[in-house]
Amino acid sequence: MTLHYGLIGCGMMGHEHIANIRLLEDTQVSVIYEPNASMAASAAKNAPDAVMASSLEALLAHKPLDALVITSPNYLHVEQLEAITQRVDLPILCEKPLYTDQNDSHRIAQIKNTYKAPIWVAMEYRYMPPIARFIEQVSESTGGVKLLSIVEHRFPFLPKINNWNRFNAQTGGTFVEKCCHFFDLMRHILNSDPVRVMASAGQEVNHLTERYDGRSADIWDCGYVICDFANGARAMLELSMFAEGEPYQEKVHAVGHKGKLEALVPGPARFWPDKLGPAPTPKLITSPRHPKGPIVIEVPVDHAILGAGDHNGATYYQHQKFRDVVAGLGPVEVSLDDGAWAVRMGLAAQKSATTGQSVALTLF
């Protein structure tokens, strides 16, 4: 039986979702709502069998329809979720971040309490093959994580429709827009919730002279975040968005009394210069304290899957699991609570970096 998907918003990430849904068996993007004419035309080429809906309401009225994927700009997610939950009862995959304004947290809670169908928040980074292997092995390799460090050295923010990603008001800020992935990983790896967040960040290199409709871009491009967790573990994030010369875009390190585990993840293959040969292969490195000596394992990703997006195959593996949810064969692995925690941590980091003070987080 073919499962029919509807896409709400179809910019860069929407196109990545189309490419990965097409790789799955018995799935089809059947209807798309994208108000931007050029993006809609591009989406129609990539999903030629899909109906291009004129509105969200028209998309929700389309038949057949088995699941929804929200890939619109950040600031639209909450109102679109509310509109959907008032009209249909379908599984939803909602791109991160779940929301951008702390005042919207109660709206998410209302959706959680009233919507009967599954909602999965798209934290793709959990499903990058080297990160997934890291998560599987981290407890055994470290004996229990005491220190967790995540480093992302990458390229600047890409252009988006109407330049919406150049402004804190529309993104939630860099620590929400970009880094909610990493805060989700921290909670997931440590199996604990944060109690305090400290951050230092700013706009140092990128977008300094950019102005749109009379407004100066205010999105940050670098920073540090330190998080204390309820179980006593500590985690740190280091972000630089002017380091695209680095062969490994993400580096995740965990240390415990038994040893250290590392995951090295290259950036998008399409950005790797041909003159340098093949793009780097992801690696997993185990460094036990006794006996000393690192063990390096390569974690390659199938080329077809790698070529379907910029997230090291993660979007495909996420969609595999979400398809099981749609078919009634598997559970939601990234819940509304997970998505909300990632935003809470990002907003706390934004506040800490702005005020110079640490921010306490109470548990739900």
**OP:** In nm, give the distance between the simple-model label positions of Asn103 and Glu136, each being 7 Å from the Cα along the Cα-to-Cβ direction.
**Re:** 4.6 nm
Original post:
Helix 129-142: angle to the longest alpha-carbon principal axis of the chain, degrees 0 to 90, nearest 10?
Top reply: 40 degrees
**OP:** Just the ratio, please: alpha-carbon radius of gyration of the range 308-364 over 2.2 N^0.38 Å, N its number of residues.
**Re:** 1.60
Original post:
Residue by residue through the range 277-285, which ³J(HN,Hα) values in whole Hz follow from phi under the Karplus form 6.51 cos²θ - 1.76 cosθ + 1.60 (θ = phi - 60°), with glycine and proline marked x?
Top reply: x, x, 5, x, 8, x, 9, 10, 10
**OP:** Evaluate the Kirkwood expression for the hydrodynamic radius of the range 115-191, namely the inverse of the mean inverse distance over all pairs of different C-alpha atoms, and round to one decimal in Å.
**Re:** 14.9 Å
Subject >> Solvent exposure of the chain as accessible area per residue, Å², 1.4 Å probe >> reply: 43 Å²
**OP:** Mind scanning Lys260/Lys321; Lys96/Lys116; Lys275/Lys321; Lys116/Lys251; Lys160/Lys251; Lys63/Lys96 and naming the pairs with a C-alpha gap bigger than 32 Å?
**Re:** Lys275/Lys321; Lys116/Lys251
**OP:** Could you work out the relative contact order of the range 51-107, using alpha carbon pairs under 8 angstrom and six or more residues apart, expressed as a whole percent?
**Re:** 40 percent
Subject >> Angle between the chain longest axis and helix 314-326 axis [Cα atoms, degrees, rounded to 10] >> reply: 60 degrees
Subject >> For the range 220-364, Kirkwood radius (reciprocal of mean inverse C-alpha pair distance, Å) >> reply: 18.5 Å
**OP:** Excluding residues fewer than 8 places away in the same chain, name every one of the lysines whose C-alpha is closer than 18 Å to that of Lys258.
**Re:** Lys146, Lys292
Original post:
Dividing the alpha-carbon Rg of the range 25-182 by 2.2 N^0.38 Å yields what?
Top reply: 1.20
**OP:** Given the peptides 60-67, 294-301, 264-271, 342-349, arrange them by the average over their residues of other C-beta atoms within 10 Å, most packed first.
**Re:** 342-349, 264-271, 60-67, 294-301
Original post:
How high is the relative contact order of the chain, in percent, counting Cα pairs under 8 Å that sit 6 or more residues apart?
Top reply: 21 percent
Original post:
For the Cα atoms of the chain, what angle does the longest principal axis make with the long axis of helix 37-46, in degrees from 0 to 90, nearest 10?
Top reply: 80 degrees
Original post:
Using r as the Cβ-Cβ distance of Ile297 and Val205, and R0 as 35 Å, what FRET efficiency do you calculate, to the nearest 0.05?
Top reply: 0.50
Subject >> the chain, accessible surface, carbon-and-sulfur percent (1.4 angstrom probe) >> reply: 51 percent
**OP:** Using Cα pairs closer than 8 Å and at least 6 residues apart in sequence, work out the relative contact order for the range 78-122, in percent.
**Re:** 58 percent
Original post:
In the chain, what is the volume of the convex hull around the alpha carbon atoms, normalised per residue and reported in Å³?
Top reply: 146 Å³
Original post:
Label-point separation (nm) for Glu79 and Thr2, each offset 7 Å from Cα along Cα-to-Cβ?
Top reply: 3.4 nm
**OP:** Compute the length gained on full extension between Ser240 and Asp337: take 0.36 nm times their separation in residues and subtract their Cα-Cα distance, giving the result in nm to one decimal.
**Re:** 32.1 nm
**OP:** Starting from the amide H of Gly259, placed 1.01 Å from N in the peptide plane, find each other amide H under 5 Å away whose residue is 5 or more places distant or on another chain.
**Re:** Arg289
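The values are calculated or read from the model by the stated rules, or taken from the named source; none is laboratory data. Nothing here was measured: the structure is a model prediction, and the numbers come from that model. Note that we place each Cβ from the backbone using ideal geometry, even for glycine, and neighbour counts take in every protein chain shown. The protein model used for the area step is the full one, side chains on, heavy atoms only, and it has no ligands, DNA or RNA in it. Shrake-Rupley method; radii C 1.70, N 1.55, O 1.52, S 1.80 Å.
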